[in-house]
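Structure record follows, encoded as structure tokens.
The values are calculated or read from the model by the stated rules, or taken from the named source; none is laboratory data. All values reported here derive from a predicted model rather than from experimental measurement. Counting neighbours? That spans all protein chains shown, and the Cβs are built from the backbone with ideal geometry, glycine included. Quick note on the areas: whole protein, heavy atoms, side chains included, nothing else; ligands and nucleic acids left out. Shrake-Rupley method; radii C 1.70, N 1.55, O 1.52, S 1.80 Å.
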Amino acid sequence: MRLHEMKEQSARANMVPCVNRECIRERADNPLGLCGICFGPLYSGQYDPDHQKLLKRLARNLHAQLTSGCGSKRCHNMHCASGRANSSAEVAPLSHTEAAAMLVPILRAYAPLATATKGHFAIDYSGIDLHLCV
């Protein structure tokens, strides 16, 4: 039993977390550095070798989250319209222009995906401040 616990501890110590700041799961093998649960809504079976469609889906989902929200009454994500409405602080809703301005740094961080060769992308995930509702 103790050996099993030691293996679990070492596996947790080597775990690479999901890029989404609202998630605590282990990162899956996908170009965005997300876990399988966070990447699920962005997945498409279409052929997209340069990840342009993937980045468009990410931008569309984030923009909708910032302007319309996820709809959850329990959301406390300050990067979501629902979370901002649920918070005790008086926070004004974001306009579409303000939401688009918040997306620019995230999409710039993922810009190397568009120029990457097949399956080889070098992205510094530490600089990405991504807050997806899960």
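What to note about this one:
- Length gained when the stretch Gln52-Ala64 is fully extended (0.36 nm per residue, less Cα-Cα span): 2.5 nm
- The slack between Asp129 and Val16, meaning 0.36 nm per residue of separation minus the straight C-alpha distance, is 39.1 nm.
- Mean shadow area of region 45-134 over all directions, Cα convex hull, nm²: 6.8 nm²
- What the phi angles of region 36-47 give under the Karplus curve with 6.51, -1.76 and 1.60, with θ = phi - 60°, is a coupling list of x, 5, 6, 7, x, x, 9, 6, 8, x, 5, 6 Hz, glycine and proline written as x.
- Environment charge of Gly83, counting only residues whose C-beta is closer than 10 Å and scoring Lys/Arg +1, Asp/Glu -1: +1
- Rounded to the nearest 20 debye, dipole of region 21-76 from Cβ charges on Lys, Arg, Asp, Glu: 300 debye
- Carbon-plus-sulfur accessible fraction, region 30-111 (probe radius 1.4 Å, protein heavy atoms only): 58%.
- Charge dipole (debye, nearest 20) of region 11-134; +1 at Cβ of Lys and Arg, -1 at Cβ of Asp and Glu: 240 debye
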